[in-house]
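Note sheet for the following structure.
The values are calculated or read from the model by the stated rules, or taken from the named source; none is laboratory data. Note that this is a predicted model, so its numbers are computed, not measured. Cβ atoms come from the backbone with ideal geometry, glycine included; neighbour counts cover every protein chain shown.
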Amino acid sequence: MLKLEPFTPKDFSRLIGWIDTERELVQFAGDLFTYPLSENQLHTYLSQEKLIAKKIIHIESGEVIGHCELNFLNEHPRLSRILIGAKQNRGLGYGAKIIRLMVDAIQKEIPSRQVELRVFGYNTNAIKLYEKEGFVIQEKHTLQFQYTDDEFWTNYYMTKQLHN
């Protein structure tokens, strides 16, 4: 079982330790941060209104296994910056549980008829998970994200309709 709790400055070093490369940071956070991730950047991040950062806790062990964000900057609430930190915790089926917890938390903050997210096209495991959880790619809102001068990543916009 998993739960979400507020992400605080006490959690900064753990999150920083999970990000080994610039590519990992961009996959996790888009262009919100610059590599290397720092405590100063995370203090600024926590001060932003309409972004609610959460840590993901494995209830039985008490271990913090990940990070996620409830994003209320857009017309529809967005699931953002989802990361299962330690590589040994990936592929264990936590993703679906995290998505459901995030949708429930968003509904408690602001009841909505739709939630959205963005995902890079090469992250096929995440796309399959999101589709299994009821998200649909909205092709007309697909973007190209410029990672380097000559490397572009497809950035899919996905939505899920909610039944209130």
Search the stretch 86-97 for residues being among the hydrophobic types (A, V, I, L, M, F, W, C) and part of a loop (DSSP other than H, G, I, E, B), and hand back the single one that is surrounded by the most Cβ atoms within 10 Å (Cβ to Cβ). A86
Please count how many residues of the stretch 98-124 are modelled with pLDDT of 95 or more, in contact with a helix residue (DSSP H, G or I) (Cβ under 8 Å, 6 or more places away or on another chain) and outside any strand (DSSP E or B). 3
For the stretch 1-85, which strands (runs of 3 or more DSSP E) that fit wholly inside it have 1 or more residues that are out of contact with any Lys or Arg (no Cβ under 6 Å at 6 or more places or on another chain), of a type in the set (S, T, Y) and in contact (Cβ under 8 Å) with a residue 12 or more places away in the chain? 78-84
Of the residues in the stretch 47-97, those that are among the charged types (D, E, K, R), within 17 Å of F28 (Cβ to Cβ) and modelled with pLDDT of 95 or more come to K54, K55, E69, R78, R81
Within the stretch 125-164, can you find the residues that are part of a helix (DSSP H, G or I) and under 12 Å from L79 (Cβ atoms)? A126, L129, Y130
Flagged in the stretch 117-148 as basic (K, R) and either in contact (Cβ under 8 Å) with a residue 40 or more places away in the chain or at positive phi (or both), in numbering order, are R118
Can you find, within the stretch 123-132, the residue that is nearest to M158 (Cα to Cα) among those that are surrounded by fewer than 17 Cβ atoms within 10 Å (Cβ to Cβ) and within 16 Å of the chain's Cα centre (by Cα)? E131
Does E131 satisfy the criteria of being more than 19 Å from L25 (Cα to Cα), modelled with pLDDT of 95 or more and acidic (D, E)? yes
Are any of the residues in the stretch 151-161 out of contact with any Lys or Arg (no Cβ under 7 Å at 6 or more places or on another chain), at pLDDT 95 or above and of a type in the set (A, V, I, L, M)? yes
